[in-house]
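Working notes, beginning with the structure itself.
The values are calculated or read from the model by the stated rules, or taken from the named source; none is laboratory data. Keep in mind the model is a prediction, meaning the values are calculated, not measured. FYI the Cβ positions are ideal-geometry reconstructions off the backbone, even for glycines, and counts take in every protein chain you see. Remember, those area values only see protein heavy atoms, side chains included, never the ligands or the DNA or RNA. Shrake-Rupley method; radii C 1.70, N 1.55, O 1.52, S 1.80 Å.
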Amino acid sequence: PLSNGVTDAMGAAMLTVPTGTAGFDGYVEVSDPKLVPQLAFLPNAVTSSSYSYSTVALTTNTFNLVQTILKLKADASRGHVGVVLYDCKNVAAPGVSIAVSTSDAQSTSAYFVNMVPMTSATETDASGFGLVANVPVGPTTVTATVNALGKPMGKPEIFVRAGTISALALQPLP
């Protein structure tokens, strides 16, 4: 690790990482006995001396509820990809579909509709939330497509770790 931190009473932690000449392009690992382990991938390389980033970590109870609603069982040898999509004004983006390049027949895609995960939904609602559960571990590419335009808004490369949620906040390509 480049930096470690412990959250305060509000759940915030301050981390210091080197940005070098190209910036910091990585992730923040979130762990706590009450939470599902998470790798929070930053949406863009950080080049400034100060940067603020928020992520939502799921409790194990909440993740168990999501599994129950979706009628799936998390495979401990696989990971999960959670995405929140934003438009160019940094507002949650409806009407966007996501694809994970390494998903397979054991993977399950869902979008949150009125904050309820649904496998029958085919794109994000106003919350901008999407999930692909039980993804094989290793590097993968997440493609987000604005369905009304038929154009991708981003294709970041991340990696998936077993038993972990790889979380990504995605904004349109510049």
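Ligands, DNA and RNA left out, the 1.4 Å accessible surface of the chain is 57% carbon and sulfur atoms. Of all DSSP-defined beta bridges confined to the chain, some 75% are antiparallel rather than parallel. Solvent-accessible area per residue in segment 1-122 equals 64 Å², computed with a 1.4 angstrom probe and all protein chains kept.
Evaluated over segment 27-174, the count of Lys pairs having alpha-carbon atoms less than 25 Å apart is 4 (only pairs 8 or more residues apart or interchain). Accessible surface of Tyr86, taken over heavy atoms with a 1.4 Å probe and every protein chain present, rounds to 60 Å². Averaged over residues, the count of other Cβ atoms within 10 Å places the peptides 53-65, 13-25, 125-137 in the sequence 125-137, 53-65, 13-25, highest first.
Run the numbers on segment 1-157 and let me know its relative contact order in percent, using alpha-carbon pairs under 8 Å that are six or more apart.
Relative contact order of segment 1-157: 17 percent.
Of the residues Ser3, Ser31, ranked by 1.4 Å probe accessible area with the largest first, the sequence reads Ser31, Ser3.
Each residue of segment 6-17 was assigned a 3J(HN,Hα) from its phi angle through the Karplus expression (A = 6.51, B = -1.76, C = 1.60, θ = phi - 60°), giving 10, 5, 8, 4, 8, x, 9, 9, 9, 10, 10, 10 Hz with x at Gly and Pro.
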